[in-house]
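Okay, so here's the structure we're looking at.
Quick note: the coordinates plus some simple rules give every number you see, no bench work behind them. Keep in mind it's a predicted model, so treat the numbers as computed, not measured. All Cβ positions, even for glycine, are placed from backbone atoms using ideal geometry, and neighbour counts span all protein chains on display.
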Amino acid sequence: MHANTKTTTIAYFDRTAAVYNASHDGKFVRPMYRTVLEEALSLPWRDVLDIGCGNGNLLAALLEARPEAHYHGVDLSPNMAAEARRRLGDGVSIQVGDAEHLPCASASFDLLICNAVFHHCTAPETALAEMGRVLRPGGTLVLGDPTVPLLPLRALMNWGLSWGNSGDAHLYGKRELISLLERQGFVLRRWRRVNIKSFVLRAEKP
């Protein structure tokens, strides 16, 4: 059903990259930034990867708060990656890359950020396995995503996603996502509802 999801995702974000902050998606994710940053900045880390970094909004905020750290980003959309490179300069490594096949060495990062990206993953367990691979032992994943709070409504929404044009694959509830995390060896440390439509979690690789 979602055979063209990645192609659709790339095309959608390539189209909106230059105006992302003013787009519907840019406005939707903005309330999540504060919670993601609070979780990230409450932890010690030196090497961070933003998976689905978009135009670099979160990396720019982290860089301002901790300029001494090492910053990396990957995004499926070449145009989004180009926007991030223009914004962040040569001091931040930005690559075109897929969450399900991260172009990074194993055990490279203390912190992973994955905001408003996971619902695009067509192989979620593969994506989480990749996140676990590139995290160092004791490292942290901060993941934010949209949701629909009631299971019947979420099931209806998921049924209809195939006909969308933005590459959305699946919206998760709390139990479903925690089960996925645990199967890939992550331990949930915190779950925060940002609003009725989104959440941010913090999980650790033991």
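Net charge near VAL148: determine it from the other residues with C-beta under 13 Å of the C-beta of VAL148, scoring Lys and Arg +1 and Asp and Glu -1. Don't skip to the end; give the middle numbers.
Details: positive: ARG154, LYS174, ARG193, LYS197; negative: ASP145, ASP168, GLU176.
Neighbourhood net charge equals +1.
Build a GNM of the chain with springs between Cα atoms under 10 Å apart, and of LEU153, LEU128, LEU37 the one that fluctuates most is LEU153. In segment 65-206, a dipole from Cβ-located charges (positive for Lys and Arg, negative for Asp and Glu) runs towards its positive end, and of MET131, HIS70, ILE196 it is ILE196 whose Cα lies farthest in that direction. Considering only ALA116, ALA60, ALA84, the Gaussian network model of the chain with Cα springs below 10 Å gives its largest mean-square fluctuation to ALA60. Given the alternatives (1) 11.4; (2) 10.2; (3) 12.1, mean projected area of the Cα convex hull in nm² as computed for this entry is given by (2).
How much net charge surrounds ARG133 when only the other residues with a Cβ under 13 Å from the Cβ of ARG133 are counted, with Lys and Arg +1 and Asp and Glu -1? Could the numbers behind the result be given before it?
Values: positive: ARG136, LYS205; negative: GLU100, GLU125, GLU130.
Surrounding charge for ARG133 is -1.
Protection proxy ranking of 15-27, 103-115, by the mean of other Cβ atoms within 10 Å over each peptide's residues and highest first, is 103-115, 15-27. Here LYS205 is the anchor, and the lysines within straight C-alpha reach of less than 22 Å, apart from those fewer than 8 places off in the same chain, are LYS174. Shown in residue order for segment 165-173 are the 3J(HN,Hα) couplings computed by the Karplus curve 6.51 cos²θ - 1.76 cosθ + 1.60 at θ = phi - 60°: 10, 10, x, 5, 10, 6, 9, 10, x Hz (x for Gly and Pro). Looking at the chain, the DSSP beta bridges with both ends there are about 45 percent antiparallel. In this Cβ point-charge picture (+1 for Lys and Arg, -1 for Asp and Glu), the chain has a dipole of about 560 debye about its Cα centre. Note that segment 9-19 has calculated 3J(HN,Hα) couplings of 4, 4, 4, 5, 7, 4, 5, 9, 4, 5, 10 Hz, one per residue in order, obtained from phi through the Karplus relation 6.51 cos²θ - 1.76 cosθ + 1.60 (θ = phi - 60°); glycine and proline are x.
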